[in-house]
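Visitor: Starting off with a structure, shown below.
The values are calculated or read from the model by the stated rules, or taken from the named source; none is laboratory data. The shown structure was predicted, so the numbers you read here are calculated from the model rather than taken from an experiment. Cβ placement follows ideal geometry from the backbone for every residue including glycine, while neighbour counts extend to all protein chains displayed.
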Amino acid sequence: MQGKLVVLFILVLLAFVALSVRLISIARDNGDDFKRRVLSQQSTTAINIPYKRGDILDRKGGKLAYSEKVYNLVVDAYDMNQDGGAHIEPTINAIAKSFPEADADEIKSYVNEYPSSRYKIFLHNLSYDEISVFQKLENREVSKEEEKAKRTIAGVFFEEAYTRKYPYGSLACDIIGFESGAGGVFGLEEYYNDELSGVNGRQYGYINDDSIMERTIKPAEDGHTLVTTIDSNIQSIVEKHIKKFYDTYKDNHRQGAAADNIGVIVMNPNNGEIYAMAGYPVFDLNDPTNLNGVDLTQYMVKDTEETPASGQEGDQTGEVSGNSSSDASENSAPQNNAAAAEYTAVGPDGQVYSMTRQERTDICNRIWRNFCISDSFEPGSVMKPFTVASAIDCGGITGNESYDCGGYLQVGNFQIHCHNRLGDGTLTVKQGIAKSCNVVLMDIAFAMGKDEWLRYNRIFNFGQKTNIDLAGETAASALTFKEDMGKTDLAIASFGQGFNTTMIQMAAGFCSIINGGYYYRPHLVSEIRNSEGAVISEINPRIMKQTISEKTSAQLKEYLEAVVMSDPSECTGWSARPAGYTEGGKTGTAEKAKRDGINYVISFMGYVPADNPEVLCYVVIDRPNHPAQSESTRLATVLNRDIMTEVLPYLNIFPTVELTEEEMEELDASKSEFSENARSLGGETVSGDEAAANQEEGEGQESAPEETEGGTEGAESGADSAEEEGTGVRYDPETGYPLDPATGEVLDPVTLLPINGNTSDIVPIGAGESVAAE
Amino acid sequence: MSDGAGTARVRNANPRQLRRERRKAGAAAKRQRSYMDYGILFIVIFLSCFGLIMIYSITQYSLSMSGLNPRQYLNNQLRSMIFGLFLMLFIGFVMDYRLIQKISTPIFIAALCMIPLVLSPLGRGQVNGASRWLYIFGMSVQPSEIVKGSVIIFTAAMINKRRYLLQSFVGVLTVLATVAGIPAAMLFLITDNMSSAIIVCGIVFFMLFVASKKYWHYVLLGGGAVGAVGLLVYLVRSNVIDAASDFRFARITAWLDPYADSSGVGYQILQSLYSIGSGGIFGKGLGHSIQKMGYIPEAQNDMIFSIICEELGVFTGIAIIFMFMILIWRMMIVASNAVDLYGSMLVVGVMSHLGLQVVINVAVVTNVIPNTGIPLPFISYGGTAMFMFLAEIGIVISVARRIPVEERE
């Protein structure tokens, strides 16, 4: 029996050994495979926890954009249908009671139709207060009968989400951009999308290194906050004045908006920080596709190069005008467009714009576009300081030269005219700039030569992006002069025609001219903070290069000061000066590519104080609604002055010049003055038309890429010069020539006869024509 | 349970003997003491406690997920374990196993009578199409487990009284037919519980094997059984027998190729293999099983060994097998040293029972044999089985305590 016991034991032992071997072989041979199989049959339900997009702050810490937590109401039809559907009625009643906007019938039919559905969002963007009403109903004590009948609320839950808010609505809309569902679009929102975006969190079960299942919550990583250099106050001052400009000059000369485009950049020339950047029209960032309340006048003009004559018949070409609200709403939709128009938008004055789907998309894209960085144009005379700075810096000229201006310069086969056809006589470099003399500039450009000019063109970053931290910047590199530029090209390039730049390229380059030659990368973000508020990245002003020497810079500042601070008869920019300050700057009047002598881009680049620049303001007005656009540079200088007058005290820049009595009065009445100006302008459209007629006369002869800053300033400026001079004789503010009291035409200072054919001298240019398309 | 009446009578009947035993035990400290196998006691308590931990680890997740008390299964098992330990101590230290011989027939008959009761209103629980439980006083009792115990007692008595029957092959067959055949047939036909029937047959077979001096009887019987099973497997495999006709045949095909029907019959065994394989040598750590979260149905019962391997590794699985090995070894020592044949046969019965269940259970979870529901002794969840195993260990202790031990001094 003992032996049998041992046999039995050995049998069991063998069985055990065999099983142990089997166990080991399973683990060894199939371990990894089975591990995968175990993991693969896991159906882990992961719940998404949304991240919070970072805020965008202005330089004072005010919120330009932030994300707000909201809740989506999600219906779980499967849960609601449990217990024989007893939950449906009380639940839907509770929803209807808590959310008046909810469509109870829709939910009910959905729950009946898709009883196995577990996720369907019915309401978006509910606030916590809104959902707490429902949650109170859900969590209240239920009576015994209800409990028994299962008439409890079930199958509804709230999902967290974030919605983007822009508390200032349309303020700085072009800079900030907006957030679509898929990320930022335009501006800072797009450029800094990666910083602003966080990482969604998840509530999930995951397998750690030891193949252990762990159910955890990985919290969402919130996005970073941007601290920008934008100053909301300066931005709103700028936008206010742009709006005022648009209101004032609307339908001034031709039917339609005050200008095709406008751009204003206010920045610190000493570090490249942008204080403000604005265009027109503005849109509500909270609802960017909603065109209601947006002034679309400038986009409803199909032919942007229209002559005033055709502009008045704008209705035939589908132009929608809005001078009188009631009339406009009735007549606004042109008959031939009525069928095609799928969308309508109501403008701020009640005018109704109708458009097709495609038009609507185009308009949206144009509104969202940031003119200051995305559009290029021929800079005109604002280019002159660049040419002079290059010439002095490379040794082409010393600055002590003087040139003789005979009114034009013969370049090859072309006569390239100065704005003042009579010629300014002998001019120093400084006077040349102050009077914006093309002949002087051409001579200077010839003195330095094409190669040097091109070299400095590159140094000043033309044709390259400034790398400002905004989405959508264009380099306009195809529209710049290359090595193959001819002499004529150089001649017109010297005063900013024939090639394109963007506003930001001009402003950034100009800053380097006036700040000692330091080219700062223009930027809008000074600091990036994490969601806890700790600074994770400080963006210091970055000097990209030294464009010109400090000595040249000092010399240029002297010249630029003369543009604004000289006697009105000796300079072009006197009207830009804010009372009490010294200002330097440069005017610009660039003829548009069609070279018809009618359409111009006018601009002014100014900085204050003249000796030690602290703030720079660049104003560009594309095709102002003015009878004589070539004479309307003053619109830009005045806009510059109005903006500066408000911005300077705000920036604690103190006046250094004693105010004259007139200036005191003017300052006091600064608010009303603008509108008065506007009224006087409106009343004198007739004389404006005359000026336009004059222009047309001269048009047939020539079409040159020409600066024509001389000549008539228009009746409104005449009034101003009179005020300024305090005498009966009025002088043209740009040329200093006396004006005909009756017609406002510029008179020859010697003969006192009207200067005829003073506009649009035609010099056909080779490369310029094709290159200068805007 | 059913033998409660019996034990009560034993207690009342032998006060004198008990006193003598106590006196003897006290004196043994100095002169001569009765043999006490602490190894068996320790391993049994250890395995039972280990089983509690594993049951809690396995069930607490799914219980708490369904809103129940996560310790519900733990508490049930603990209750059975405490009752069982008391019974074990009582049988082992108070009762004389020789008394059992006298009441073995009534116990056997009473146990057999419980089987048909599952068809009465007392047997309510329908599990896998067959009622295998009795509900008495709010407790669920599994008659098959009681039958296994009673068969050991009855067979031991039978061998003790009629050992001569084992001389002839016919006699062996007769004993097998009566002692194993009747309960096995009842279990299989009434409760549709083939695994218990196999265990009963196996216990009796091995008890007879040890009691007999002959080998060829058992080689013949064992070879016949293996051959029959082999033939069945062959027939199922070659589609002579339609596997779909009975779930047992389907289990044979699933055993041959568990991947063939991985979501059906092969599901449980595949999941068990996944558990063992994914656990690796040292496992995922106690409580970190993934498979217990609903992938292995009723993982706390027959498949507990696979979860042990998943959480604590094959290493621990083999360690557990080793523990059982030691337990069986200690029982072998007790059986070979028992003072009488009856005691020896009792221990052999318990040893066979234990060994068979462990081997079959582990073989099932490792897919060495077709799936059949056998719990792992001491560890698997199941009150009656726990209770009966502890009672059987009590018998072993009782037998062991009769072994005279020489003085060590």
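The rows are residues; the columns are (1) at the interface with chain B (Cβ under 9 Å from one of its Cβ atoms); (2) closer than 30 Å to A:Phe158 by Cα; (3) of a type outside the set (D, E, K, R); (4) over 42 Å from the mean Cα position of the chain (by Cα).
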{"position": "A:Phe16", "(1), (2), (3), (4)": "yes, no, yes, yes"}
{"position": "A:Leu19", "(1), (2), (3), (4)": "yes, no, yes, yes"}
{"position": "A:Asn72", "(1), (2), (3), (4)": "no, yes, yes, no"}
{"position": "A:Asp79", "(1), (2), (3), (4)": "no, yes, no, yes"}
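Visitor: To continue, here is another question. Within the bounds of the range B:222-238, is there any residue that is surrounded by 20 or more Cβ atoms within 10 Å (Cβ to Cβ), farther than 30 Å from B:Met158 by Cβ, modelled with pLDDT of 80 or more and β-branched (Val, Ile, Thr)?
Guide: Yes, the conditions are met somewhere in the range B:222-238.
Visitor: Same structure, new question: Condition (residue is within 12 Å of chain A (Cβ to nearest Cβ), outside any helix (DSSP H, G or I) and buried (at least 20 other Cβ atoms within 10 Å of the Cβ)) applied to the range B:329-341: is it met by at least one residue?
Guide: Yes, the range B:329-341 contains at least one residue that is within 12 Å of chain A (Cβ to nearest Cβ), outside any helix (DSSP H, G or I) and buried (at least 20 other Cβ atoms within 10 Å of the Cβ).
Visitor: Quick check on the range A:490-510. Is at least one of its residues among the hydroxyl-bearing types (Ser, Thr, Tyr) and in a helix (DSSP H, G or I)?
Guide: Restricting attention to the range A:490-510, the residues satisfying the condition of being among the hydroxyl-bearing types (Ser, Thr, Tyr) are A:494, A:501-502.
Going one step further and asking which of them are in a helix (DSSP H, G or I), we end up with none.
The answer is no; no qualifying residue exists.
Visitor: Same structure again: Only residues that are under 23 Å from B:Ile374 (Cβ atoms), touching a residue at least 24 places away in the same chain (Cβ under 8 Å) and either among the small types (Gly, Ala, Ser) or away from every other protein chain (no Cβ under 12 Å) (or both): list them for the range B:286-306, please. If you could, list the steps in order and put the result at the bottom.
Guide: Here is the first cut: in the range B:286-306, the ones under 23 Å from B:Ile374 (Cβ atoms) are B:289, B:291-292, B:294-306.
Pick out the ones that are also touching a residue at least 24 places away in the same chain (Cβ under 8 Å) and you get B:289, B:292, B:294-297, B:299-306.
B:Ser289, B:Gly294, B:Pro297, B:Ala299, B:Gln300, B:Asn301, B:Asp302, B:Met303, B:Ile304, B:Ser306 - these are the residues of the range B:286-306 that are under 23 Å from B:Ile374 (Cβ atoms), touching a residue at least 24 places away in the same chain (Cβ under 8 Å) and either among the small types (Gly, Ala, Ser) or away from every other protein chain (no Cβ under 12 Å) (or both).
Visitor: If I ask for residues that are assigned to a helix (DSSP H, G or I) and either buried (at least 18 other Cβ atoms within 10 Å of the Cβ) or touching a strand residue (DSSP E or B) at 6+ places or on another chain (Cβ under 7 Å) (or both), which ones from the range A:453-469 would you list?
Guide: A:Trp453, A:Leu454, A:Tyr456, A:Asn457, A:Ile459, listed by residue number.
Visitor: Here's a follow-up. Would you please name the residue that is surrounded by the fewest Cβ atoms within 10 Å (Cβ to Cβ), looking only at residues in the range A:414-452 that are in a helix (DSSP H, G or I) and charged (D, E, K, R)?
Guide: The qualifying residue surrounded by the fewest Cβ atoms within 10 Å (Cβ to Cβ) is A:Asp451.
Visitor: Still on this structure, I have one more. Mind listing just one residue for me: the one in the range B:343-372 that is crowded, with 23+ Cβ neighbours inside 10 Å, more than 12 Å from B:Met331 (Cβ to Cβ) and within 7 Å of chain A (Cβ to nearest Cβ) and, of those, nearest to the chain's Cα centre (by Cα)?
Guide: B:Val359
Visitor: If you check B:Asp302 against the conditions, is it surrounded by 14 or more Cβ atoms within 10 Å (Cβ to Cβ) and within 25 Å of B:Gln357 (Cβ to Cβ)?
Guide: Yes; evaluated as a whole, the condition is true for this residue.
Visitor: Something else now. Here's a check for you: in the range A:251-275, which residue that is out of contact with any helix residue (DSSP H, G or I) (no Cβ under 7 Å at 6 or more places or on another chain) and surrounded by fewer than 24 Cβ atoms within 10 Å (Cβ to Cβ) is nearest to A:Gly198 (Cα to Cα)?
Guide: That would be A:Glu273.
Visitor: Kindly evaluate B:Tyr234 against the criterion of being of a type in the set (Ser, Thr, Tyr), more than 14 Å from every other protein chain (Cβ to nearest Cβ), part of a helix (DSSP H, G or I) and without any contact (Cβ under 8 Å) to a residue 12 or more places away in the chain.
Guide: When the stated conditions are applied, B:Tyr234 passes them.
Visitor: Can you give me the ranges of the strands (runs of 3 or more DSSP E) entirely in the range A:580-624 with at least 2 residues that are free of Cβ contacts under 8 Å to residues at least 60 places away in the same chain and in the same structural domain as A:Asn652 (by TED's automatic domain parsing)?
Guide: In the range A:580-624, A:600-608 are the strands (runs of 3 or more DSSP E) which contain 2 or more residues that are free of Cβ contacts under 8 Å to residues at least 60 places away in the same chain and in the same structural domain as A:Asn652 (by TED's automatic domain parsing).
Visitor: Please go through the range B:189-216 and pick out each residue that is away from chain A (no Cβ under 13 Å), among the β-branched types (Val, Ile, Thr) and farther than 17 Å from B:Thr174 by Cβ.
Guide: B:Ile190, B:Thr191, B:Ile198, B:Ile199
Visitor: Out of the residues in the range A:389-413 meeting the condition of being touching a strand residue (DSSP E or B) at 6+ places or on another chain (Cβ under 9 Å) and assigned to a strand (DSSP E or B), tell me which one is surrounded by the fewest Cβ atoms within 10 Å (Cβ to Cβ).
Guide: For the range A:389-413, the residue satisfying everything is A:Gln410.
Visitor: Still on this structure, please answer the following. Is the range A:1-10 home to any residue that is touching a Leu at 6+ places or on another chain (Cβ under 9 Å) and either more than 8 Å from chain B (Cβ to nearest Cβ) or among the aliphatic types (A, V, I, L, M) (or both)?
Guide: Yes.
Visitor: Still on this structure, I have one more. Restricting the range A:93-121 to residues that are among the basic types (Lys, Arg) and over 44 Å from the mean Cα position of the chain (by Cα), which is modelled with the lowest pLDDT?
Guide: A:Arg118
Visitor: Looking at B:Ser278, B:Ser272, which is the one that is over 26 Å from the mean Cα position of the chain (by Cα), modelled with pLDDT of 80 or more and either more than 14 Å from every other protein chain (Cβ to nearest Cβ) or assigned to a helix (DSSP H, G or I) (or both)?
Guide: Just a single option satisfies the conditions, and that option is B:Ser278.
Visitor: Follow-up. Mind listing whichever residues of the range B:307-320 are surrounded by 24 or more Cβ atoms within 10 Å (Cβ to Cβ) and facing chain A (nearest Cβ under 9 Å)?
Guide: Across the range B:307-320, the qualifying residues are B:Cys309, B:Glu310, B:Val314, B:Gly317.
Visitor: Looking only at residues that are among the hydrophobic types (A, V, I, L, M, F, W, C) and in a helix (DSSP H, G or I) in the range B:245-269, which one is farthest from B:Leu232 (Cα to Cα)?
Guide: Across the range B:245-269, the extreme among qualifying residues is B:Ile269.
Visitor: Still on this structure: Scan the range A:242-249 and tell me whether some residue there is within 23 Å of A:Met506 (Cα to Cα) and modelled with pLDDT of 80 or more.
Guide: So far as the range A:242-249 goes, yes, one or more of its residues are within 23 Å of A:Met506 (Cα to Cα) and modelled with pLDDT of 80 or more.
Visitor: Can you tell which of A:Thr637, A:Thr645, A:Thr633 is modelled with pLDDT of 75 or more and surrounded by fewer than 24 Cβ atoms within 10 Å (Cβ to Cβ)?
Guide: Of the residues listed, the single one that is modelled with pLDDT of 75 or more and surrounded by fewer than 24 Cβ atoms within 10 Å (Cβ to Cβ) is A:Thr645.
Yes/no matrix, rows are residues, columns are (1) out of contact with any strand residue (DSSP E or B) (no Cβ under 7 Å at 6 or more places or on another chain); (2) surrounded by 23 or more Cβ atoms within 10 Å (Cβ to Cβ); (3) farther than 23 Å from A:Arg634 by Cβ:
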residue: A:Cys364; (1), (2), (3): yes, no, yes
residue: A:Arg369; (1), (2), (3): yes, no, yes
residue: A:Gly380; (1), (2), (3): no, yes, no
residue: A:Thr387; (1), (2), (3): yes, yes, yes
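Visitor: Has the range A:197-205 got any residue that is on the phi > 0 side of the Ramachandran plot and modelled with pLDDT under 90?
Guide: Our first condition is that a residue be on the phi > 0 side of the Ramachandran plot; within the range A:197-205, this holds for none.
Scanning the range A:197-205 turns up no residue that is on the phi > 0 side of the Ramachandran plot and modelled with pLDDT under 90.
Visitor: Consider B:Gly283 against the criteria (1) in a loop (DSSP other than H, G, I, E, B); (2) touching a Cys at 6+ places or on another chain (Cβ under 9 Å); (3) at the interface with chain A (Cβ under 9 Å from one of its Cβ atoms); (4) small (Gly, Ala, Ser): it satisfies all of them except one. Which criterion is unmet?
Guide: Tallying (1) in a loop (DSSP other than H, G, I, E, B); (2) touching a Cys at 6+ places or on another chain (Cβ under 9 Å); (3) at the interface with chain A (Cβ under 9 Å from one of its Cβ atoms); (4) small (Gly, Ala, Ser), B:Gly283 fails exactly one: (3).
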